[in-house]
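Novice: Below: one structure in structure tokens.
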Amino acid sequence: MDIQTVKVGILQTNCYILSINDQVIIVDPGAKADRILNAIGQRKVIAILLTHAHFDHIGALNDLMTHFTCPIYLHEDDEPLLINPELNYSFPKRFVVDAKTIHYPNALQIGEFNFEVIETPGHTEGSVCLIIENIMLSGDTLFMQSVGRTDLKTGNPSKMKQSLRKLKALDQNYDIYPGHDDPTTLNQEKAQNIYLK
């Protein structure tokens with residue numbers, strides 16, 4: 001599997017393009033649909049996965065939906081954020097996504113892609129981390145030496161602590177691709193991230 005990072009939007013969100021052969025999955029298309037489309041080229045998009053539904057992770061969805069008819073996966077607890085600008089923080093544009101989403105199962109197989117879905121509420125109620133092979137797509141749950149903020153609507157500090165304990169308990173050393181900033185590894189975060197102590 002190949003993973004490509006496209007930084008998009010005012011918060012420089014990491015949109016990830018996962019590819020196996022000519023099949024592509026987009027993770028967190030936060031803005032700049034044209035840039036995402038250019039990175040995909042002629043390959044076939046078979047799904048869009050969302051780690052959560054803040055504006056900077058969903059902002060290109062409406063434009064991409066005019067190009068693709070693939071399924072969009074989102075945790076059910078974040079569905080209200082898609083249609084409520086006060087919850088997804090899309091000011092002043094007031095961004096609303098009119099799309100039917102599919103709720104994540106615990107294990108998700110799409111084409112040749114096989115994901116483990118870990119529920120990690122805290123940054124939002126419906127935040128998830130996605131594991132594929134040796135890679136964890138951590139959204140805004142876990143960053144290099146930091147974690148996602150919990151003071152926004154549907155955020156919850158105590159649930160974030162529980163989610164981080166869940167990640168800390170994982171035995172494998174995953175390569176972590178977060179929603180913002182640079183990649184890291186789970187072992188590095190266990191050793192250096194004060195929030196995982």
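None of the figures in this text is laboratory data; all of them are computed from the coordinates on show. Quick caveat: nothing in here was measured; it's all calculated off a predicted structure. Note: ideal-geometry Cβ built from the backbone for every residue, glycine included; neighbour counts use all protein chains shown.
Novice: Could you tell me how many of the residues in segment 73-94 are crowded, with 20+ Cβ neighbours inside 10 Å and more than 25 Å from Ile118 (Cβ to Cβ)?
Specialist: Residues flagged as crowded, with 20+ Cβ neighbours inside 10 Å and more than 25 Å from Ile118 (Cβ to Cβ) within segment 73-94 amount to 0.
This table checks each residue for (1) in contact with a strand residue (DSSP E or B) (Cβ under 6 Å, 6 or more places away or on another chain); (2) surrounded by fewer than 17 Cβ atoms within 10 Å (Cβ to Cβ); (3) in contact (Cβ under 8 Å) with a residue 60 or more places away in the chain.
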| residue | (1), (2), (3) |
| --- | --- |
| Ile118 | yes, no, no |
| Ser138 | yes, no, yes |
| Lys166 | no, yes, no |
| Ala169 | no, yes, no |
| Gln188 | no, yes, no |
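Novice: Still on this model: Is it fair to say Leu81 is assigned to a loop (DSSP other than H, G, I, E, B) and in contact (Cβ under 8 Å) with a residue 60 or more places away in the chain?
Specialist: Criteria not met by Leu81.
Novice: Ala99: within 13 Å of the chain's Cα centre (by Cα) and either part of a loop (DSSP other than H, G, I, E, B) or touching a residue at least 60 places away in the same chain (Cβ under 8 Å) (or both), yes or no?
Specialist: No: the conditions fail for Ala99.
Novice: Can you pull out the residues in segment 42-55 that are touching a strand residue (DSSP E or B) at 6+ places or on another chain (Cβ under 9 Å) and either aromatic (Phe, Trp, Tyr) or more than 21 Å from Val117 (Cβ to Cβ) (or both)?
Specialist: Once the filter is applied, which keeps residues that are touching a strand residue (DSSP E or B) at 6+ places or on another chain (Cβ under 9 Å) and either aromatic (Phe, Trp, Tyr) or more than 21 Å from Val117 (Cβ to Cβ) (or both), segment 42-55 yields Arg43, Lys44.
Novice: Can you confirm whether segment 17-37 contains a residue that is in contact with a Phe, Trp or Tyr (Cβ under 7 Å, 6 or more places away or on another chain) and hydroxyl-bearing (Ser, Thr, Tyr)? Please lay out each step first, then the result.
Specialist: Going through segment 17-37, the residues in contact with a Phe, Trp or Tyr (Cβ under 7 Å, 6 or more places away or on another chain) turn out to be 18, 20, 25, 27-28.
Checking the rest, the ones that are also hydroxyl-bearing (Ser, Thr, Tyr) come to none.
No, segment 17-37 has no match at all.
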